[in-house]
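Everything on this sheet refers to the single structure shown next.
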Amino acid sequence: LQKILIFLQVTLSVVVGKTLMILFPNAMKRYILKMGEKSRMNKNPKFSYENWGPTFFSFKYLQFVLKVKWKRLEDEAYEGHPAPNTPVVTLGGEVCHVLDFMKDNRPLILNFGSCT
């Protein structure tokens, strides 16, 4: 049911966005550029609006957003429920899942940090 609701929400958003891009191209370009400022997408001089702007509200955009949103459904953790088995990448570049590191009945401890 959640996937259907997400599908309807994203599809409606893409249809409305695509329609607005056709009817009001300059206004939508300003809107998309403003969104690009928030993500710093437009700070790279080699990556102009003409490269990425028209991809918004396309069929590939719809597919990508659905894939990300559906994947996030699996990543939610709730108290008292099993932990999500999210994918992780080892230092060697191998993709596996968090629960692959479980051994017997021992607790699994995740330590997050950073180096600067």
In nm, spacing of pseudo-spin labels at N105 and W70 (7 Å Cα→C-beta vector): 3.9
When the accessible area of segment 1-79 is split by element with a 1.4 Å probe, what percent falls to carbon and sulfur? 63
Listed by chain and number, the residues whose amide H is under 5 Å from that of V88, excluding neighbours fewer than 5 places away on the same chain and using placed H, are C96, H97, V98
Using only Cα atoms, find the angle between the long axis of helix 25-39 and the longest principal axis of the chain, and express it within 0 to 90 degrees, rounded to the nearest 10. 30
Environment charge of Q9, counting only residues whose C-beta is closer than 12 Å and scoring Lys/Arg +1, Asp/Glu -1: +2
Reported label for calculated Kirkwood radius over Cα pairs in Å given (i) 14.4; (ii) 15.0; (iii) 17.9: (iii)
Quick check on my link table: of K60/K103; K18/K38; K43/K67; K3/K43, which ones sit more than 32 Å apart, alpha carbon to alpha carbon? K60/K103; K3/K43
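The values are calculated or read from the model by the stated rules, or taken from the named source; none is laboratory data. As the structure is a computational prediction, the values presented were derived from the model and not from experiment. Positions of Cβ are generated from backbone atoms using ideal geometry, with glycine treated the same way; all protein chains shown enter the neighbour counts. Note: accessible area is taken over every heavy atom of the protein model, side chains too, but ligands, DNA and RNA are not part of it. Shrake-Rupley method; radii C 1.70, N 1.55, O 1.52, S 1.80 Å.
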